[in-house]
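Everything on this sheet refers to the single structure shown next.
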Amino acid sequence: MEFLDLDFQDALSWVSKSVAAIDACDLLSPSHVFRYEDGDIGTCGAILRVAALLGYEVSETQAEKIAEQLSASGVRRMIGELQQRGVIGGDGEPATFDPLTHWHPGHVGDGEVGKHARRLSPAQQCAVLEANVGFMQARYPNAACPPVRLPATIAFGRSTGASGYCRTGFSYPEDGATWTDDDLAIVDLPFQNPLQDTLNLTLWFTPPARGPSFRLSVNGIACAFRDYARHPGGPTSLDISISDPRLKGATRLEVKLEFCDLVNLQELGLSNDARRLGIMLSKLTVSGGDEGTVMPLGNDAPSPC
């Protein structure tokens, strides 16, 4: 973003294209993905692995020579030579590159891994995860969205990046909200600073369900059971406000939604959608607000089923 003077969306688009190319290579032939954070890029061992993958026999001496040429100092020397010959531009022309090696004036960075945590906002980091979810799950299974700074509102619609906080039991994001599609759905939300006030959730229901039977719990503290499936004419949306002294000071919220009576619109003959839909989570706000339906907390809330 900074070196090539790209805005976030343009940079994300290029990253996603690179990810798609890597995934395509995996499908076409055996491949090996090297990760900078593993610390073995450009080592003799890495050169030998590439050679083996390509079917070449390379001695350790040859691998060491190649590794030296591809080291940070070796590449800097080559870039300097290319600049002197006029093949690529100076430091002020980052978009120019050598067509043979694809090296450009800023090709060698400072070697630091993890700068994105300082350069990108939490929402931008989540957007990167969401846009490349398959790649991230396959190669970075422990990757998670970064902690949010309170007060904050997390929107769970398409292109918000918030799907990274949906640990399990959620479908793909849609306009304005994300459906649950299992008996148990969990939102895992870490904070940069401790929780002080209330937690508000906005849930949507759609006919013919009128909302299934469900139980909500936060950090193991069970909320009152809500049974909308058995009350025709119930609301199509619900704002829930939760306030409990046991939540004060929390630096992470685990929000669980447990369901029964889940709806399969395909079985009902209403659509081709075979998902077992519960509710649509629209947004989660952690602030000092007091609006909405207050749900009393207690450890003895009944099972929804």
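What to note about this one:
- Selection of region 14-49 for residues being part of a loop (DSSP other than H, G, I, E, B) and modelled with pLDDT of 85 or more yields only Thr43.
- The residues of region 167-202 that are free of Cβ contacts under 8 Å to residues at least 40 places away in the same chain and either closer than 20 Å to Leu238 by Cβ or in contact with a His (Cβ under 7 Å, 6 or more places away or on another chain) (or both) amount to a single one, Asp175.
- Neighbours by Cβ (under 9 Å, 6+ apart or cross-chain): first from region 150-166, closer than 20 Å to Ser287 by Cα and in contact (Cβ under 8 Å) with a residue 24 or more places away in the chain; second assigned to a loop (DSSP other than H, G, I, E, B) and of a type in the set (A, V, I, L, M): Leu150/Leu195; Tyr165/Ala144
- The set of residues from region 29-70 being over 32 Å from the mean Cα position of the chain (by Cα), open to solvent by less than 90 Å² (accessible area, probe 1.4 Å) and not β-branched (Val, Ile, Thr) comprises Cys44, Leu48, Ala51, Ala52, Gly55, Ser59, Ala63, Ala67, Glu68, Leu70.
- Selection of region 241-284 for residues being at pLDDT 85 or above, among the β-branched types (Val, Ile, Thr) and part of a strand (DSSP E or B) yields only Val255.
- The sole residue among Ser159, Ser163 that is modelled with pLDDT under 75 and either open to solvent by 50 Å² or more (accessible area, probe 1.4 Å) or closer than 30 Å to His32 by Cα (or both) is Ser159.
- Sole exception among (1) farther than 26 Å from Thr198 by Cα; (2) open to solvent by less than 70 Å² (accessible area, probe 1.4 Å); (3) at pLDDT 75 or above for Arg118, by number: (2)
- Residues of region 157-182 satisfying the condition of being within 15 Å of Leu277 (Cβ to Cβ) and in contact with a Leu (Cβ under 7 Å, 6 or more places away or on another chain): Gly169, Ala177, Thr178, Trp179, Thr180, Asp181
- One residue stands out in region 125-156 among those that are modelled with pLDDT under 75 and under 24 Å from Leu277 (Cα atoms): the one that is surrounded by the most Cβ atoms within 10 Å (Cβ to Cβ), namely Glu130.
- The set of residues from region 53-72 being polar (S, T, N, Q), part of a helix (DSSP H, G or I) and modelled with pLDDT under 90 comprises just one member, Gln69.
- Residue tally, condition at pLDDT below 85, closer than 16 Å to Ile41 by Cβ and open to solvent by 60 Å² or more (accessible area, probe 1.4 Å), over region 73-114: 6
- Output for region 2-22, where each listed residue is open to solvent by 80 Å² or more (accessible area, probe 1.4 Å) and closer than 13 Å to Gln124 by Cα: Asp7, Gln9
The values are calculated or read from the model by the stated rules, or taken from the named source; none is laboratory data. Just so it is clear, the structure is predicted and the values come from calculations on it, not from any experiment. We place every Cβ from the backbone using ideal geometry, glycine too, and count neighbours over all the protein chains shown. Protein only, heavy atoms only, side chains kept; ligands, DNA and RNA dropped before computing areas. Shrake-Rupley method; radii C 1.70, N 1.55, O 1.52, S 1.80 Å.
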